[in-house]
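Engineer: Below is the structure I would like to discuss, written out as C-alpha cells.
The values are calculated or read from the model by the stated rules, or taken from the named source; none is laboratory data. Just so you know, these numbers come straight off a predicted model, no measurement behind them. Note that we place each Cβ from the backbone using ideal geometry, even for glycine, and neighbour counts take in every protein chain shown. Quick note on the areas: whole protein, heavy atoms, side chains included, nothing else; ligands and nucleic acids left out. Shrake-Rupley method; radii C 1.70, N 1.55, O 1.52, S 1.80 Å.
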Amino acid sequence: MTGNEIRKRFIQYFQKHGHTHERSSGLIPRNDPTLMFTNAGMVQFKSVFLGEEKRPYTRAVTSQKCVRAGGKHNDLENVGRTARHHTFFEMLGNFSFGDYFKKEAIPFAWSFVTEELKLDPARLLVTVYSEDDEAFDIWTQDVGLPPEKVIRIPTNDNFWSMGDTGPCGPCSEIFYDYGPSVAGGPPGSEDEDGDRFVEIWNLVFMQYDRDSDGNLNPLPKPSIDTGAGLERIASVMQGKQNNYDTDLFQPLLRAAGSIAGVDYVSCSDEQRVSLRVIADHIRAACFLIADGVLPSNEGRGYVLRRIMRRAMRHGKLLGIEQPFMHQLVEVLAAHMGDVYTELAEQRNAIALIIETEEKRFAKTLSAGLKILEENAAGLKAGDVLDGQTLFTLYDTYGFPLDLTADILRDRNIGVDEEGFNAHMAEQRKRARAAWAGSGEESVGAIYHEVQEKVGGSEFLGYVTESASGAVA
Ligand code: ATP
Ligand code: MG
Ligand code: MG
Ligand code: MG
C-alpha cells in the first residue's frame, strides 16, 4: 500500500464514521505565537478544544503537515540516526470536540490498524498512562488485548498537556514490534529508544482542565486528539524497517543519488545516511518555503537555513560540488503536488529560493570545512572545539552552531557552547554600537530580488516573515 493510499484510507475510514475532512493547516501556526512550527494535528484546532471557536462539526479528520525542528519538539538531531524521525512529516489524526471519548476512540484506532490496514495484532502492543484504568480496561476488555500487551507508563510521556494550564489528559500509544532482529526495547524500558518498537499512533484523552494551582478539574465534555505518523505506517505496511525505504522517499533518494552518482541500495552506510538527510531536509525546506518561511538569520528562517545547510554539507560529503538541492524541488512537487497543491503552484519560486541559498553557502562551505578540520585536528574523543573557532565558523563562514556540532558528533567531539555564546554576545554589543540609528535591515533583501524575478505569484513569504522573525 502506497503512502498516498494509506493517507486516503485513513481519511475515508474516519469520514465513514462521521468525521469531516479538514485540510492541513500551514506550517506557521496562525494563532499561536508561542509555537515555532505546526508540530501536530491538533494545532489548528487549539481554539476549538479550548471552546473559544465553534465549528459546524464535532468530529474531524486530517492529514497535517508537521515540522519538528527547533522549538519544543526537535527531531533535527535524530534525522539520519533513527529509522523513524523526520523534520517534516505528515500526521494523520482524528479529533472529537466534546463528542466521542475513549470508548469509541480506542476501538476506532484498533479497527483501523487491524481491519483496514490488516496489521498482525501479534506485532502490536499499546501503552496507557499508569493511572488510567479506564483506558486499560477498554484495551483489555472491549478490544480484548491480553493484559501483558498493555504497558502502564508512569511518566509524562503518557500524559499530555497543552500548556502549564488548560486542557490535558492521559495518552495511549500503539507500537509496532519489528522483532528481535532490530535493536531496542519495549516502551518504558531502558533501551526504548531503539527502532525495534516503533510508536505509530498516539491517542490523547483530553479530560482535565488544569488550573493555575495545578488542580486537575474534569472537563464537562472531554475530547480526543490523535496523531499517527504516515511515514511510519507506510514503513510497516511496506515491510520496511526504515521510513526512508518507503515509496514516500524513493523518488527523492533516487534523484539525489543520481546527482551524486551513488546508488541508494548499494552505496556505503555513510552515503545512505547522507542521502536520507538530504531527502528529509529537502521536504522540510520545500514545505516551509511554500508556507512562507524564508532563509534568514533569526527565528523560523534560521531553522530553515540550518536545515538547508546541513543538507548541503551532506551533498558535499557525497562529492556533489554544485548547487543541487533546487533540482529536487521538481521531484518532490511531482510526487506530492497533487495532495499539497501549494508545492505544485510555487515550485519555481521555491527552487529559485533554494538555489539562491545554495549559491550563498557554496562560497564559504569548503573554506569553513577546512578551518573546522584544522582546528579540530588536535582534538580527541571527549574534547570540545573552542568558542572562538565556533564563532569564526558561524560569523565568517555561515556555519550554524548545530551544523558544526553535527559534523563533530560522530568523532565524539563536543562544542564549547558557552564560549560561542560569549562571542555572540560580544558581537551583538559591537554591532549595536556601530548600527545605532541606521535602521537598515538587509537580511532578506536578496530574497526580495528573487521575488521580483519570480513576479506576480501568490507567494506570501515576504509578508509573513517579519511576523515570524519575532519568534526566536
Ligand atoms: P517518538 O516517541 O517516536 O519520538 P512522539 O511521542 O514524539 O514520537 P507524538 O508527539 O506522539 O510523537 O506524535 C504522534 C505521532 O506522530 C507518533 O506516534 C509518530 O507516529 C509520529 N511522529 C512523531 N514524531 C515524528 C517524526 N519526527 N517523524 C515522523 N513521525 C513522527
Ligand atoms: Mg518524539
Ligand atoms: Mg513517544
Ligand atoms: Mg507519542
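Engineer: I'm trying to understand the selection: among the residues of segment 324-368, which are open to solvent by 30 Å² or more (accessible area, probe 1.4 Å) and either closer than 20 Å to I407 by Cβ or outside any helix (DSSP H, G or I) (or both)?
Structural biologist: Selection gives D338, V339, R360, A362, K363, T364, S366, A367.
Engineer: Quick check, is I174 over 21 Å from F89 (Cα atoms), within 11 Å of ligand 4 (Cβ to nearest atom) and modelled with pLDDT of 95 or more?
Structural biologist: Numbers: over 21 Å from F89 (Cα atoms): no; within 11 Å of ligand 4 (Cβ to nearest atom): yes; modelled with pLDDT of 95 or more: yes.
So I174 fails the test.
Engineer: Restricting attention to segment 125-173, report how many residues are touching a helix residue (DSSP H, G or I) at 6+ places or on another chain (Cβ under 9 Å) and more than 19 Å from G188 (Cβ to Cβ). Before you say what the answer is, go through the steps one by one.
Structural biologist: Here is the first cut: in segment 125-173, the residues touching a helix residue (DSSP H, G or I) at 6+ places or on another chain (Cβ under 9 Å) are 125-130, 132, 134-136, 138-140, 142-143, 145-147, 149-150, 152, 162, 166-167, 170-173.
When the remaining residues are screened for being more than 19 Å from G188 (Cβ to Cβ), the result is 134, 138, 142-143, 162, 166-167.
Matching residues across segment 125-173 total 7.
Engineer: Tell me, which residue of segment 13-52 that is among the aliphatic types (A, V, I, L, M) and either out of contact with any Ser or Thr (no Cβ under 6 Å at 6 or more places or on another chain) or open to solvent by 10 Å² or more (accessible area, probe 1.4 Å) (or both) is nearest to Q207 (Cα to Cα)?
Structural biologist: Step one: of segment 13-52, the residues among the aliphatic types (A, V, I, L, M) are 27-28, 35-36, 40, 42-43, 48, 50.
Remaining after also requiring either out of contact with any Ser or Thr (no Cβ under 6 Å at 6 or more places or on another chain) or open to solvent by 10 Å² or more (accessible area, probe 1.4 Å) (or both): 28, 35-36, 40, 42-43, 48, 50.
Numbers: I28: 27, L35: 23, M36: 26, A40: 19, M42: 15, V43: 17, V48: 15, L50: 12 Å.
Looking at residues that are among the aliphatic types (A, V, I, L, M) and either out of contact with any Ser or Thr (no Cβ under 6 Å at 6 or more places or on another chain) or open to solvent by 10 Å² or more (accessible area, probe 1.4 Å) (or both), I get L50.
Engineer: Can you pull out the residues in segment 246-289 that are open to solvent by 10 Å² or more (accessible area, probe 1.4 Å) and not in a helix (DSSP H, G or I)?
Structural biologist: D247, G261, V262, D263, Y264, V265, S266, C267, S268
Engineer: Answer with yes or no whether V182 is open to solvent by less than 60 Å² (accessible area, probe 1.4 Å), under 23 Å from the mean Cα position of the chain (by Cα), over 28 Å from F97 (Cβ atoms) and among the β-branched types (V, I, T). It would help to see each step written out before you state the result.
Structural biologist: Values: open to solvent by less than 60 Å² (accessible area, probe 1.4 Å): yes; under 23 Å from the mean Cα position of the chain (by Cα): no; over 28 Å from F97 (Cβ atoms): yes; among the β-branched types (V, I, T): yes.
Considered against the rule, which asks whether it is open to solvent by less than 60 Å² (accessible area, probe 1.4 Å), under 23 Å from the mean Cα position of the chain (by Cα), over 28 Å from F97 (Cβ atoms) and among the β-branched types (V, I, T), V182 comes out as no.
Engineer: Return the only residue of G319, G292, G315, G382 being under 24 Å from C267 (Cα atoms) and either hydroxyl-bearing (S, T, Y) or not in a helix (DSSP H, G or I) (or both).
Structural biologist: G319
Listed here are the residues, each with its yes/no results for (1) surrounded by fewer than 17 Cβ atoms within 10 Å (Cβ to Cβ); (2) part of a strand (DSSP E or B); (3) charged (D, E, K, R); (4) away from ligand 3 (no atom under 15 Å from the Cβ).
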| site | (1), (2), (3), (4) |
| --- | --- |
| G188 | yes, no, no, no |
| D191 | yes, no, yes, no |
| L203 | no, yes, no, no |
| P218 | yes, yes, no, yes |
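Engineer: Among the residues of segment 90-112, are any surrounded by fewer than 16 Cβ atoms within 10 Å (Cβ to Cβ), hydroxyl-bearing (S, T, Y) and away from ligand 1 (no atom under 15 Å from the Cβ)?
Structural biologist: yes
Engineer: Within segment 53-89, count every residue that is among the aromatic types (F, W, Y) and crowded, with 23+ Cβ neighbours inside 10 Å.
Structural biologist: 2
Engineer: A further question follows. Looking at (1) out of contact with any His (no Cβ under 9 Å at 6 or more places or on another chain); (2) open to solvent by 10 Å² or more (accessible area, probe 1.4 Å), which is the only condition H314 fails?
Structural biologist: (1)
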